[in-house]
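Chemist: Below you'll find the structure I mean.
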Amino acid sequence: MLWLIRHATVKLRLEEPASTWLLDEAGHAAAEEIAVRLAPVPRVLSSPEPKAVATAEPLARRSGVAVETDERLREVERARNVADYEAHRAAVRAYLDGE
């Protein structure tokens, strides 16, 4: 069986590249909850981005395996972040809706 899990919620740092963002407190809690629900699994793969690895780590730990990272799982590259939180949320919604 294959489970695809997106990274948990992050601390938005719009002045920094999204590829460097970290999980927020709710994101860490969500990652732990996912781990409780899904473990054990035989393998955990992740993007090398900090937010993705932090989402994967609790599941890997509970499963007794290491997180394997793969560059091909990186986030979609974008030229820059938007100016504020609401604009960011709107851009994410538009992207996920296929725009």
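Chemist: Enter the accessible area of Val53 (Å², nearest 10), with the probe set to 1.4 Å and all protein chains included.
Modeler: Surface open to solvent at Val53 totals about 30 Å².
Chemist: What's the magnitude of the charge dipole for segment 1-56 around its Cα centre, counting Lys and Arg as +1 and Asp and Glu as -1 at the beta-carbon? Answer in Debye, nearest 20.
Modeler: 240
Chemist: Taking the Cα centre as origin and putting +1 on Lys and Arg beta-carbons and -1 on Asp and Glu beta-carbons, what dipole magnitude results for the chain, to the nearest 20 debye?
Modeler: Using Cβ point charges on Lys, Arg, Asp and Glu, the chain gives about 260 debye.
Chemist: Moving to a separate point now. For the chain, what value does the Rg/Rh ratio take when both radii are computed over Cα atoms and Rh is the Kirkwood radius, given to two decimals?
Modeler: With Rg and the Kirkwood Rh in hand, the quotient comes to 0.99.
Chemist: Could you provide, to the nearest whole Å², the per residue accessible area of the chain with probe 1.4 Å?
Modeler: 71
Chemist: What residues qualify as long-range amide H neighbours of Val44, i.e. H under 5 Å apart, gap of 5 or more or another chain, H built at 1.01 Å from N?
Modeler: Amide H neighbours of Val44, under 5 Å, 5+ apart: Glu68.
Chemist: Go through Glu57, Glu86, Glu68 and list them by solvent-accessible area, largest first, probe radius 1.4 Å.
Modeler: Glu86, Glu57, Glu68
The values are calculated or read from the model by the stated rules, or taken from the named source; none is laboratory data. Predicted, not measured: the structure shown is a model, and the values here were computed from it. Every residue, glycine as well, gets a Cβ built from its backbone with ideal geometry; the counts of neighbours run over all protein chains shown. Areas reflect the complete protein model, heavy atoms only, side chains present, ligands, DNA and RNA absent. Shrake-Rupley method; radii C 1.70, N 1.55, O 1.52, S 1.80 Å.
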